[in-house]
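Visitor: Below is the structure I would like to discuss, written out as structure tokens.
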């Protein structure tokens, strides 16, 4: 929650707010100390120091601290993303897919709606790696993933289970609709590779 506020306001605004709060607290403590401790009004020098010192110290300290908190937040988000996304294809990884699939399945059961899953495997992928090298194999996986994304809905779960194995979870999709898509995907992939080769 605090990080969300920091991100929303931005580093500079937060530092300014902290500095203003520090000055107000410093002036209050100075006035209170003079009034209670010494029984007299605070001097001009005391008030001046109560304003100047936090004006210098608060921005220096808070700028570094806020920057560090924001960096930690960015790193945490990146780690969360890396824990759920396959880095090559940028699809869900196996663990994230099974986690999300369970939610989708429970929802389909509760709402009595169709849900289909298509398991996909690239034929002769080992031959591609052996004959043309792993970088070519990576390109095939990347283009196949792009084809899946381009022909899926936002609500669909697309996953690289591992190696050349993929899965599509299709909410509100009948068996026949899933079959039509599974038949169409190889043709779409073929046309995508043809277009790549022509460029």
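The values are calculated or read from the model by the stated rules, or taken from the named source; none is laboratory data. Since this is a predicted model, take the numbers as computed values, not measurements. Cβ coordinates were reconstructed from backbone atoms using ideal geometry, including for glycine residues, and neighbour counts include every protein chain displayed.
Visitor: Would you check if residue 173 is in contact with a strand residue (DSSP E or B) (Cβ under 6 Å, 6 or more places away or on another chain) and over 19 Å from residue 85 (Cα atoms)?
Guide: The answer is yes for residue 173.
Visitor: Okay, moving on. With the condition kept exactly as written, say whether any residue in the stretch 55-71 is in contact with a strand residue (DSSP E or B) (Cβ under 7 Å, 6 or more places away or on another chain), surrounded by 13 or more Cβ atoms within 10 Å (Cβ to Cβ) and in a helix (DSSP H, G or I).
Guide: Taking every residue of the stretch 55-71 in turn, none turns out to be in contact with a strand residue (DSSP E or B) (Cβ under 7 Å, 6 or more places away or on another chain), surrounded by 13 or more Cβ atoms within 10 Å (Cβ to Cβ) and in a helix (DSSP H, G or I).
Visitor: Checking residue 171 against (1) touching a helix residue (DSSP H, G or I) at 6+ places or on another chain (Cβ under 8 Å); (2) closer than 20 Å to residue 90 by Cβ; (3) modelled with pLDDT of 90 or more, which test does it fail?
Guide: Condition (2) is where residue 171 drops out.
Visitor: Kindly indicate which of 122, 181 is surrounded by 16 or more Cβ atoms within 10 Å (Cβ to Cβ) and in contact with a helix residue (DSSP H, G or I) (Cβ under 8 Å, 6 or more places away or on another chain).
Guide: 122
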